[in-house]
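The values are calculated or read from the model by the stated rules, or taken from the named source; none is laboratory data. Here the structure is a predicted model, which is why all the values come from computation and not from measurement. Here the Cβ is made from the backbone with ideal geometry for all residues, glycine too, and neighbour counts use every protein chain on show. With ligands, DNA and RNA removed, areas are computed over all heavy atoms of the protein, side chains included. Shrake-Rupley method; radii C 1.70, N 1.55, O 1.52, S 1.80 Å.
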Amino acid sequence: MKMLLTSIIKSLVDIPSAVKISEINGTKNMILEIRCDERDVGKVIGKSGKTVGALRTIFNSLASKEGRKAIIEVVD
C-alpha cells in the first residue's frame, strides 16, 4: 500500500522528490504518514479536504480486505 500511496502523492505535487511516506503497522490498524514540501501540503489535502478524504476512503477499503483499518495523516 505504501508504494501505491507514494505514486499517487508524487503525481499530485510539484516537488515529488520531497515526498516521504512512512508506514506503521499494527494488528488492527495501519498508519500511513505523508510528508512533503510545505508548498505542496495544500495539494495533498485538497479543497475542503476532499483529496485526502478520497485517499482515506480508497485505502480503508483496501485495508478492510485484510480486516484492518488504514489511517492516513498529512504531517507538516
Flag if LYS2 is touching a residue at least 24 places away in the same chain (Cβ under 8 Å), open to solvent by 50 Å² or more (accessible area, probe 1.4 Å) and not acidic (Asp, Glu): yes
I'd like to check something: does region 10-31 contain any residue that is basic (Lys, Arg), surrounded by 14 or more Cβ atoms within 10 Å (Cβ to Cβ) and farther than 18 Å from SER61 by Cβ? yes
Criterion first (within 18 Å of PRO16 (Cα to Cα), surrounded by fewer than 16 Cβ atoms within 10 Å (Cβ to Cβ) and not basic (Lys, Arg)) does GLU73 satisfy it? yes
